[in-house]
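Derivation of every value follows stated rules applied to the coordinates shown; laboratory data play no part. Fair warning: this is a prediction, and the values are worked out from it, not measured in the lab. Cβ: placed from backbone, ideal geometry, glycine included. Neighbour counts: every protein chain shown.
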Amino acid sequence: MSQRLHNTEGWEDDKGQEQSRPAPLQQITAATAMSATRMPAPGLPAAPATGFADTETSAGVDNITTSLSVCVQSPKQVENLYYNVRMSPGHIRLLQLLPSENEDAAIHCRLFYTTLDSKGTRLYEALSYVWGSEDKPCSIFIDGYNLAVGKNLYAALLHLRDNSVQRTIWIDAICINQGDNEEKGHQVQSMAKIYAKASRVIVWLGEEVAGSDQALEEIRIAAKLSTRRLDDNAGILTLLQRPWFQRIWVLQEVAAARHILIKCGSAEVDGFAFCSGLNALNVSNELPAGLRARILSVTYLIRDAIFRPKYTTSQSDNFSLDIRPLGELIEMYHTREATDRRDKVYALLGMSSDNPTAAGLFADYKISWKQLFNKLIHFFLSELVSVDLSDDKEIAAIEGKGCILGEVSSVKRNATWEDRQDVTITWRNAPSYICVKEAWVPCWTLPTTVKSIQKGDVVCLLQGATRPTILRPYNDHWAVIMIAVSPAGDPQATTRDIKWSELLQSITVFPHNFLLIWDWDINPDRQQDKNNHDYFASIPEHSKTGLEGCLDAATRIRNVRLVLQEVKQYGVAVKNLREETAVLERALGTEDLEKEDAKETMVNQLIEDKGQWTLLCLAAGNGHETVVKLLLDTGKVNLHREELQTALWLAAQKGYKGIVQMLLDTGKVNVGAKDEDGQTALHRAAITGHEVVVQLLFDTVEVDLHSTELQKVLHWAAENGQEAVVKLLLDSGKVDVGAKDENGQTALHMAAENGHEAVVKLLLDTGKVDADPKDGSGQTALHWAAKNGHEAVVKLLLDTSKVDADPKDRSGQTALHWAAKNGHEAVVKLLLDTSKVNADPKDIDGRTALYTAVENGHEAVVKLLLDTGKVDADPKDRSGQTALYMAAENGHKAVVKLLLDTGKVDADPKDWAGQTALYRAARNGHEAVVKLLLDTGKVDADLKDWQGRTGLYIAARNGHEAVVKLLLDTGKVDADPKDWAGRTALYMAARNGHEAVIKLLSPAS
């Protein structure tokens, strides 16, 4: 229901319609109007004060076809339509929808009063629908009066009208006098009770469109079968995007219901079945995140309708449905549509279980959004927090003291219902009372909310709050994920009668400063793209500039970091500390820094609570030169040699020359010291290519020609392609260019292996390197370049005329072998064009370059080698397997065809086990290769290996249905072959559960 209390001008209801005046009524001729004024008001059905059943039976329908149609044109006549009597408190009007056997006949109805007070439900239905546009082109007859209504309501009435039995319905647009604001206000406050008293709530989604009837039927079937059976959910997804699912006020209507019927056109389904079907189909995963949250949250309410009692109770005059605490309702539903943002709160009050009215929260349209939001936050958290908000935004900055309770360690969708989630908490500071730890339940079942809870979210308690809050860390603030959590199954501990509230009240220490952002407009899943500290520039309280602004930003970041350290999220905490030092670095550049007190503040900020993170190292590793200087100059930081050494390694690796120089100037660092990986500062700078730092360190250290450390620097620089560093080392004359590492590799090996052409050229140009060195495996620089496809390096080496173009390594493989094996066509061509290589070399296992290319499916390389006319197209390795055999086994159809087309290969070769190319292709399910081989007419389709297994047998055992069918269709295979143990193909297929193959092989087939 959308009408809002105390707001009488230009308002829009929850149904999405602008309201500023009573609904227009159909106009008739002046003569008819004059005759109408001379007639007495149409007779009203009896409405006994205590007899609802009597009221229904007294409403006759015999004379409805003779009722005079009257146009109501004046306020006075509107009062006549609504019986010219204001309803007493506790009463409502109901609409009797009269039957008609003619589907196209005009809609005739009656209105009557009845009391709302009673313990049980009443024999009327309530309609939940969307009003639609402001236009009201349709009309219905109520006690002889012709009333204009919207298209959607008219369509609903047509589908609800029975052909022989009258129907009693409560419909807001008709049963409430829309021209009487006082009545409207009273009725809106009774909305939850009206829907709760109804025997059934009918949810009208609209007319049937684009297969919506089929969509509802699929949902019903899925609920019945409790299983997914749809391949295409398009119709259902379209249905779920209808306007009804988007409005805020419809929530209360289904939340109050004891029984729900979902209706779309003529199709209908029970509310519980609707939810069960959606759950079984698992369609929510296919919805956009926002829509998914809306659907899950409303199905949560629909599903629970059948579990609500058929009688209603209330602890006070303020009727409530007691669905969930208001905080959780808001987190579930605040993205729902409402023209007046205050309705995002007011529409949920009747559903809340924590009596917000007692705290002064009620539907009051005289207060502003800012006032309401402020009240709401203090209701959830306490008066101890400070709140900063604006009148035109759904966002609040909240500051307060708090403590950490724990951290979310996992989130899983509830096994039973999609609209719930099981959240596991790792407690960090649970009270350690004897026999009370059991009260800290490790797993909570929570509703699915707009902002999804994630692993790593933090559970905290703010000072004065009675419920925990779930937060997500950002650089300088915390995003509110759930403002107030009420864990399921938490009434008391298992060993003592101690409630959650008592446990939380026992906490008296709140060490952390929290800055929370509760934003209803932004989903935190996307919020992390923002520059968080810049966000506060728009908030007056946080829009400071200069040194003060930078220090404030750094303090905010630090406050978040201290919490992250406590919950042991060290990786995120380090990132925050880096950001903190970056902000302080900017502060050091401000003019205010000349003030001594500012400098003092800066130093204290840097050194406080550094814990296991060394601020100096972070500043050095991130290039914050001014911060490093500040720390070194103040003398307030006790810098140990280990800290300085680590800072040197980090600065050298990142190439920060100024910081390296400052650290060297302390006289407390050892330039030759090694880290845990055995690397010195010089090594780190060389690997990352910072030649300026290399030069600085190089000039600092005395090294001789045979220094092992210096050789490592050369090797690492060559391996990583750091040309400038390699040149610097070569120009020094202090390195042995041809020195080998523990694997026998030289700098040339490493540069060639990684394709660093410029470094290879640099090394060759010295004239001091062996261009053809062999490493421990017998591989040369040419081997490595060919293996990895570095064509330019291969050409560079060949052009020296100082390398063997056809060298063999210890496995007998040449550079051509390696290039062919890895599919490097350009390198293969380059080597063949030298005319200095054997095009058909064999390694120690008898495999040729062609063989390895075929095995790996490199069609272009295979063609290149075959086109030389110098290779054996049918080579065998030491186990008797040919190139064709390997291509068939691996399913390389194009290569198999290429080899067969040569006419020089045996199409049916056997290996040592008697297995052919056809057998291996069948075993691995390569249907296309099997067909190619069969089409040659040169293979035995039913040949057995040494264990008596045929191609059909092995394909059946492995469940390759298409191959089995292909072999059977030849008519040349035994359909019931047996292996040496007497097991048939059918037996093996059955043992492995291959139903399709069993069907093919069964005698009936």
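Some observations on this one:
- The range 205-313 - percent relative contact order, Cα under 8 Å, separation 6 or more: 37 percent
- For the peptides 281-289, 846-854, residues were scored by their other Cβ atoms within 10 Å and the scores averaged per peptide; the highest-first order is 846-854, 281-289.
- Arg991, Arg242 arranged by Cβ crowding within 10 Å, fewest neighbours leading: Arg991, Arg242
- Here the Karplus relation 6.51 cos²θ - 1.76 cosθ + 1.60, evaluated at θ = phi - 60°, turns the backbone of the range 821-833 into coupling constants of 4, 9, x, 8, 4, 4, 5, 4, 5, 4, 5, 5, 5 Hz, with x for every Gly and Pro.
- Between amide H atoms placed 1.01 Å from N, distances below 5 Å from Glu134 occur with Glu18, all of them 5 or more places distant or on a separate chain.
- Distant-in-sequence amide contacts of Ile142, defined by a placed amide H-H separation under 5 Å and a gap of 5 or more residues or a different chain, comprise Cys109, Leu147.
- Distance between modelled label sites at Lys568 and Gln371, nm, 7 Å Cα→Cβ extension: 5.0 nm
- Extension gain for Ala826-Lys863 works out to 12.0 nm (0.36 nm per residue, less the C-alpha to C-alpha distance).
- The modelled label-to-label distance between Thr555 and Lys836, using points 7 Å beyond Cα along the C-beta direction, is 7.4 nm.
- Largest-first ellipsoid semi-axes for the range 205-313, taking √(5λ) over the Cα gyration tensor eigenvalues, angstrom: 21, 15, 14
- Gain on full extension, evaluated as 0.36 nm per residue between Ser409 and Ala289 minus their Cα-Cα distance, stands at 41.0 nm.
- With 29 Å as the limit, the listed pairs Lys654/Lys768; Lys393/Lys568; Lys224/Lys412; Lys657/Lys768 have Lys654/Lys768; Lys393/Lys568; Lys657/Lys768 beyond it between alpha carbons.
- Among Met988, Met482, a tally of other beta-carbon atoms within 10 Å of each Cβ gives an order, fewest to most, of Met988, Met482.
- Taking Leu796, Leu968 and counting other C-beta atoms within 10 Å, the order from fewest to most: Leu968, Leu796
- Cβ-Cβ FRET estimate between Lys795 and Lys455, R0 fixed at 51 Å, reported to 0.05: 0.45
- Using the Karplus relation 6.51 cos²θ - 1.76 cosθ + 1.60 with θ = phi - 60°, the per-residue 3J(HN,Hα) values for the range 751-767 come to 5, 5, 4, 9, x, 8, 4, 5, 5, 4, 5, 4, 5, 5, 5, 5, x Hz, with x marking Gly and Pro.
- Basic side chains Lys and Arg get +1 at the Cβ, acidic Asp and Glu get -1 at the Cβ, and with that the dipole of the range 98-190 about its Cα centre reaches some 200 debye.
- Label point distance in nm, Trp946-Asp677, each placed 7 Å from Cα along Cα→Cβ: 5.0 nm
- Under the Karplus curve 6.51 cos²θ - 1.76 cosθ + 1.60, θ = phi - 60°, whole-Hz ³J(HN,Hα) for the range 367-380, x wherever Gly or Pro sits: 8, 7, 4, 4, 5, 5, 4, 4, 4, 4, 5, 5, 5, 6
- Sorted into 5 angstrom bins from 0, the C-alpha pair distances of the range 124-270 split as 2, 8, 16, 21, 21, 16, 9, 4, 2, 1, 0 percent.
- Using R0 = 51 Å, the C-beta based FRET efficiency linking Asn102 and Asp521 works out to 0.50.
- Under 18 Å from Lys119, Cα to Cα: lysines that are on another chain or at least 8 residues apart: Lys193, Lys197, Lys310
- Sequence-distant residues sharing a close amide H with Arg428 (under 5 Å, placed H): Gly406, Glu407
- At R0 = 41 Å, FRET efficiency that the Cβ-Cβ distance of Arg810 and Asp765 yields, to 0.05: 0.85
- The range 925-1005: radius of gyration over Cα atoms, expressed as a fraction of 2.2 N^0.38 Å: 1.01
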